[in-house]
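Let me begin by presenting the structure, written as C-alpha cells, before commenting on it.
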Amino acid sequence: KNEVEQSPQNLTAQEGEFITINCSYSVGISALHWLQQHPGGGIVSLFMLSSGKKKHGRLIATINIQEKHSSLHITASHPRDSAVYICAVYGNKLVFGAGTILRVKS
Amino acid sequence: NAGVTQTPKFQVLKTGQSMTLQCAQDMNHNSMYWYRQDPGMGLRLIYYSASEGTTDKGEVPNGYNVSRLNKREFSLRLESAAPSQTSVYFCASSGSWVSEAFFGQGTRLTVV
C-alpha cells in the first residue's frame, strides 16, 4: 500500500461545479503540500499546511492530522483549473501521491 | 527572479551515453532536490542536498550521481544512460526540508 493515496485518480467536472480531491496518508507527518501540474508540465505550489484550513482565491485546503487526511476544494471550477493535483507529505522523507487528473469542461 | 531553472528541457540519448542535467536557483535556498516522474507514479526522489556541500540518496538513486556545485547549483549526472531512465526529471529547491518547494520546468529525457 502506498504511503500517500489520492482519490479520485481522474475527475471530470462541468464548469462551475464544486470539486473535492482527497489525500490520505499512513505515516506521521509534520506538514502536507498541495501542488498543481499544468499540461505543459510545470509544477507550482498551492498550499503547505500542518493543521486546519487555508484558502487562496477559489481554492481551499483542509487537513485532519488525527485522521491522516487532507482535502483540496475548488469552488466555481473553471476550465483553466484543468491540471494534475498532487499531494505530498513531509514525514521522515517527502512522499508524493500519484496525482489526480482534473478536467473541467465548459 | 527566475526561480528554479533547469536545462535542457528535452534530451534524447542513446543507451550508454552520459549527460548532465543542470539546475540553478536564485532564491538563496539551502535545500535542493532531483526527482523523476513516471506515468502513474508520484514524483520519486533521486538525490537531495540539504545544504551546500552535502548530498544524500533518495528513493531511487541507482544510475545517477549529483554535485552540489555551490549554493545555487545542483547537477544530476547519468554516467551510462539506460532505457529505464526515460522519464521527466524535475529539480526543486526549498528553504529547508519542511518548507515550500519550488520546481523547475522539467527535463523530458528519452533513452533509446
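The values are calculated or read from the model by the stated rules, or taken from the named source; none is laboratory data. Worth saying up front: this structure is predicted, and the values here are computed from it rather than measured. FYI the Cβ positions are ideal-geometry reconstructions off the backbone, even for glycines, and counts take in every protein chain you see.
When you look at B:Ser80, is it touching a strand residue (DSSP E or B) at 6+ places or on another chain (Cβ under 8 Å) and among the small types (Gly, Ala, Ser), yes or no? No. Pairs are defined by a Cβ separation below 6 Å, a sequence spacing of at least 6 or placement on different chains, a first member in region A:1-30 that is on the phi < 0 side of the Ramachandran plot, and a second member that is loosely packed, with under 12 Cβ neighbours inside 10 Å and in a strand (DSSP E or B); the pairs so defined are A:Gln14/A:Lys105. Within region B:74-112, the residues that satisfy the criterion of being assigned to a strand (DSSP E or B), of a type in the set (Gly, Ala, Ser) and under 9 Å from B:Cys23 (Cβ atoms) are B:Ser75, B:Ala92, B:Ser93. Taking region B:42-58 as the range and being within 14 Å of chain A (Cβ to nearest Cβ) and surrounded by 14 or more Cβ atoms within 10 Å (Cβ to Cβ) as the test, the residues that pass are B:Gly42, B:Leu43, B:Arg44, B:Leu45, B:Ile46, B:Tyr47, B:Tyr48, B:Ser49, B:Ala50, B:Gly58. The single residue among A:Leu35, A:Leu46 that is closer than 22 Å to B:Ile46 by Cβ, within 12 Å of chain B (Cβ to nearest Cβ) and assigned to a strand (DSSP E or B) turns out to be A:Leu35.
Kindly indicate whether B:Thr15 is within 30 Å of A:Tyr25 (Cβ to Cβ), among the β-branched types (Val, Ile, Thr) and exposed (fewer than 13 other Cβ atoms within 10 Å of the Cβ). No; evaluated as a whole, the condition is false for this residue. From the set of residues in region B:56-110 that are of a type in the set (S, T, N, Q) and within 12 Å of B:Gln37 (Cβ to Cβ), which is farthest from the chain's Cα centre (by Cα)? Applying the filter and picking the extreme gives B:Thr86. Here is a check on your reading of the model: is A:His56 within 14 Å of chain B (Cβ to nearest Cβ) and either of a type outside the set (Ser, Thr, Tyr) or touching a Lys or Arg at 6+ places or on another chain (Cβ under 7 Å) (or both)? Answer is yes for this residue. Put simply, of B:Gln6, B:Gln22 the only residue that is more than 14 Å from chain A (Cβ to nearest Cβ) and either in contact with a helix residue (DSSP H, G or I) (Cβ under 9 Å, 6 or more places away or on another chain) or not in a loop (DSSP other than H, G, I, E, B) (or both) is B:Gln22. B:Ala50 fulfils the conditions (1) in contact with a Ser or Thr (Cβ under 6 Å, 6 or more places away or on another chain); (2) modelled with pLDDT of 95 or more; (3) more than 28 Å from A:Pro8 (Cα to Cα); (4) not acidic (Asp, Glu) except for a single criterion, (2). If you filter region B:85-98 down to residues that are surrounded by fewer than 22 Cβ atoms within 10 Å (Cβ to Cβ) and in contact (Cβ under 8 Å) with a residue 12 or more places away in the chain, you find that the one that is farthest from the other protein chains (Cβ to nearest Cβ) is B:Gln85.
On the given criteria, is B:Pro61 over 24 Å from A:Ala88 (Cα atoms), within 14 Å of chain A (Cβ to nearest Cβ) and not β-branched (Val, Ile, Thr)? Answer is no for this residue.
Take residues that are exposed (fewer than 15 other Cβ atoms within 10 Å of the Cβ), within 14 Å of chain B (Cβ to nearest Cβ) and touching an Asp or Glu at 6+ places or on another chain (Cβ under 6 Å) and tell me which of the strands (runs of 3 or more DSSP E) falling wholly in region A:64-106 contain 1 or more. Those strands (runs of 3 or more DSSP E) do not exist here; none qualify.
Is there a residue in region A:14-24 that is more than 21 Å from B:Ser96 (Cβ to Cβ), within 14 Å of chain B (Cβ to nearest Cβ), in contact with a Lys or Arg (Cβ under 7 Å, 6 or more places away or on another chain) and part of a strand (DSSP E or B)? Taking every residue of region A:14-24 in turn, at least one turns out to be more than 21 Å from B:Ser96 (Cβ to Cβ), within 14 Å of chain B (Cβ to nearest Cβ), in contact with a Lys or Arg (Cβ under 7 Å, 6 or more places away or on another chain) and part of a strand (DSSP E or B).
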